[in-house]
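Enquirer: Mind having a look at this structure? Questions to follow.
Every read-out reported here was derived from the displayed coordinates using simple, explicitly stated rules and does not represent laboratory data. Everything numeric in this text was worked out from a predicted model, so none of it was measured. Ideal geometry is used to build each Cβ from the backbone, glycine not excepted, and the neighbour counts take in all protein chains shown.
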Amino acid sequence: MSENKTETFEEKMQTLEKIVRQLDEDEVSLEESLKLYQRGVELSSECDKILKNAELKVETLNRKDDEDE
Amino acid sequence: MKIHMENSKYLSVGALTKYLKYKFDQDPYLTRVFIKGELSNVKRHTSGHIFFALKDGNAVIRAIMFSRSASGLKFEPEEGQSVLLQGRISIFESSGQYQIYVDSMEIDGIGMLFEQLEKDKKELDGKGYFDAGHKKPLPRYPGTITIISSETSAAYRDMITTLRRRFPLVRVSMINTMMQGRGSRQAVIDSLDYADSLSSDVIILARGGGSIEDLWTFNEKSVSLKVFEMKTPVITGVGHETDTTLVDFVSDVRAATPTAAAEVAVPDTRDIQDNLSSFDTFMMRSMSKKIEFHRNQLESLSNYYKLKNPELLYDQQTEKLATLRMNLDTRVNTILREKRYRQNSIKDKIEYNSPRPMIERFKEILGESKARLDEEMADTVTDRKKQLSSTIELLNSLSPTSILLRGYSFTAKDGNIVRNSETLAPGDEIETTLSDGEITSKVTEVKNNVRK
């Protein structure tokens, strides 16, 4: 489940936040924690990279049913 | 226009109408009139012309506003509105009706508009359309935003700048829309409808400041209702900080300005990056805390006295085993004893019923019987022996030898004892046996002493 390229930025952020919360819980086993930590660091740097490379894309939409005057 | 009374004293309708139209058209008062009245029977033609009537108490005048003039309208003419208008009076020849050709028109008194606005506001509020429960939450990290605004406006440029600065990750779709004046109401509604169909994450409906008339589109009930019905979250940013329009009440988030709307719509990249680094720190700290915790746990576990003194682990078991073993032995012995006892009693019983004494007795009887038999036998033998010797004595006494010794002899012929003389004939050779030998003789004569 770790390498999902189609995940949106929002989903990545949500996963990361979930991981951070889970890491704070005591019930998580050490092995699981290590996995979570690894995934969390990955996600964090992925998100950072996405933000750094982001460029605003603007598209103008023209409605065809406009203009009848 | 000339009238030839000589040809005919009757005028055609067309001629009269033309004459009247001429009179209207060149009258200095009628070519530029200012009238106020109430709109009635408003009809929009597809070509953009507007036909209506202007009422005032009991009087009515027909009016037409051609599209070239109507396009400059700052409001949507509607039934019952009080208006101020300017135009010229003339006659429409085909119907023979005089009417006013409107050049410009404005709402008579903004107060009327506000009255209507207050009514609409109260109505929508009463229906609960302003309730927080109807407000759709905004996504934290929107992927797509649709902006409804005028492409050439400063408001639009401000929004794009803000979005680029704060969250360039978002994709913006722009629906260029007429944001003021006549036709803007429908244009905004249509754009909202279109924007909702794009299923973007957020819609921003925004325009910059302007006169109250310019902003009035956003006070329209129909526009507000459309905003309320939207499936996509809508952020409104209309005018300046001080302007609050009806759509602001029904939108999901009201921003004071277009720039503020763009700010509300997206998070700030710098904040996210701060967040990310604090996540990193947090995760790191959580991890080391966890490892520390486990290390401590491991340590305290390895210090556990039983691990230090492993024999403690099995002492109990050893003891238990010994006890068990002892119990087992005792138990087995008991069982054995019981069995042996039982066996003995059975043995006794068997012994009691044993045939051996009987066998012994029979053996005894047999012995006795045998002894008696032997005794009997011996007696019998002795008797017989005695009998035999007396018989032998008798026999001896009867033996021919003794007889011969007494002088007797016996004669035999061919080995056979001769008992009768008749068996002999003269000439027969006979042997006579005496006690000490034999003689052979020849018979010379036979005399029978017959007593036959």
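Enquirer: For B:Phe410, list long-range residues whose amide hydrogen, built 1.01 Å from N in the peptide plane, is under 5 Å from its own amide hydrogen.
Expert: Result for B:Phe410 returns B:Thr433.
Enquirer: May I ask you to work out the translational diffusion coefficient for segment B:349-452 at 37 °C, viscosity 0.692 mPa s, via Stokes-Einstein with Rh from the Kirkwood sum over Cα pairs, reported in whole µm²/s?
Expert: Calculated translational D: 166 µm²/s.
Enquirer: With +1 on each Lys and Arg Cβ and -1 on each Asp and Glu Cβ, how big is the dipole of segment B:89-203 about its Cα centre, in debye rounded to the nearest 20?
Expert: Computed charge dipole of segment B:89-203: roughly 920 debye.
Enquirer: If you count, for every residue in A:36-43, the Cβ atoms of partner chains within 10 Å of its Cβ, what is the mean?
Expert: 3
Enquirer: Okay, next question. Residue-wise, which Karplus ³J(HN,Hα) couplings in Hz belong to segment B:293-303, taking 6.51 cos²θ - 1.76 cosθ + 1.60, θ = phi - 60°, and x for glycine or proline?
Expert: 4, 5, 4, 4, 5, 4, 4, 5, 6, 6, 8
Enquirer: Within a 10 angstrom radius of each residue's Cβ in B:166-179, how many Cβ atoms of other chains show up on average? Whole number is fine.
Expert: 4
Enquirer: Suppose we keep just the DSSP beta bridges with both residues in chain B; what percent of those would be antiparallel, to 5?
Expert: Here the share of antiparallel DSSP bridges comes out near 65 percent.
Enquirer: Using only Cα atoms, find the angle between the long axis of helix B:184-197 and the longest principal axis of chain B, and express it within 0 to 90 degrees, rounded to the nearest 10.
Expert: Long axis of B:184-197 versus the principal axis of chain B: about 10 degrees.
Enquirer: With both partners inside the protein assembly as shown, how many of the DSSP beta bridges are antiparallel, as a percent to the nearest 5?
Expert: 60
Enquirer: Straight-line reach from B:Lys135: which aspartates and glutamates have Cα under 17 Å away, leaving out those fewer than 8 places along the same chain?
Expert: Excluding near neighbours in sequence, the set is B:Asp125, B:Asp196, B:Asp201, B:Glu229, B:Asp248, B:Asp252.
Enquirer: Still on this structure, I have one more. In the structure displayed, which of B:Lys55/B:Lys226; B:Lys74/B:Lys121; B:Lys43/B:Lys221; A:Lys49/B:Lys136; A:Lys12/B:Lys290; A:Lys18/B:Lys226 lie more than 27 Å apart, Cα to Cα?
Expert: Working: B:Lys55/B:Lys226 32 Å; B:Lys74/B:Lys121 21 Å; B:Lys43/B:Lys221 20 Å; A:Lys49/B:Lys136 30 Å; A:Lys12/B:Lys290 24 Å; A:Lys18/B:Lys226 37 Å.
Over 27 Å apart, Cα to Cα: B:Lys55/B:Lys226; A:Lys49/B:Lys136; A:Lys18/B:Lys226.
Enquirer: With a Förster radius of 60 Å, plug the Cβ-Cβ distance of A:Val28 and B:Lys320 into 1/(1 + (r/R0)^6) and report the FRET value to the nearest 0.05.
Expert: Taking R0 as 60 Å, the efficiency between A:Val28 and B:Lys320 is 0.90.
Enquirer: Less than 15 Å apart at the alpha-carbon level, and either on another chain or at least 8 residues along: which aspartates and glutamates does that give for B:Lys347?
Expert: In chain and number order, the partners are B:Glu338.
Enquirer: Between the helical axis of B:110-126 and the dominant principal axis of chain B, each derived from Cα atoms, what acute angle in degrees is found, rounded to the nearest 10?
Expert: Computed tilt is about 20 degrees.
Enquirer: Sticking with this one: Set the Förster radius R0 to 56 Å, insert the Cβ-Cβ distance between B:Glu445 and B:Arg384 as r into 1/(1 + (r/R0)^6), and round the FRET efficiency to 0.05.
Expert: Details: r = 50 Å, r/R0 = 0.90.
So the FRET efficiency works out to roughly 0.65.
Enquirer: So between B:Asp374 and B:Tyr341, what do we pick up on full extension, going 0.36 nm a residue minus the alpha carbon distance?
Expert: Between B:Asp374 and B:Tyr341, full extension yields an extra 7.0 nm.
Enquirer: Something else now. So between B:Lys9 and B:Asn303, what do we pick up on full extension, going 0.36 nm a residue minus the alpha carbon distance?
Expert: Fully extending the segment from B:Lys9 to B:Asn303 adds 92.3 nm.
Enquirer: Against the longest alpha carbon principal axis of chain B, how many degrees, from 0 to 90 and to the nearest 10, is the axis of helix B:154-166 turned?
Expert: 30
Enquirer: Mark the label point 7 Å from the Cα of A:Glu59 along Cα→Cβ and return the residues of segment B:257-273 whose backbone N is within less than 20 Å of it.
Expert: Label zone hits: B:266.
Enquirer: Can you give me the long-range amide H partners of B:Met174? Hydrogens built in the peptide plane at 1.01 Å from N, cutoff under 5 Å, separation of 5 or more residues or another chain.
Expert: A:Glu59, A:Thr60, A:Leu61, B:Ile147
Enquirer: In deg cm²/dmol, rounded to 500, what helix-only [θ] at 222 nm does chain B give when every DSSP H run of at least 4 residues adds -39500 (n - 2.57) and the total is split over its residues? All intermediate terms of the calculation are to be shown ahead of the outcome.
Expert: Values: 14 runs with 217 residues, N = 452.
Computed mean residue ellipticity for chain B: -16000 deg cm²/dmol.
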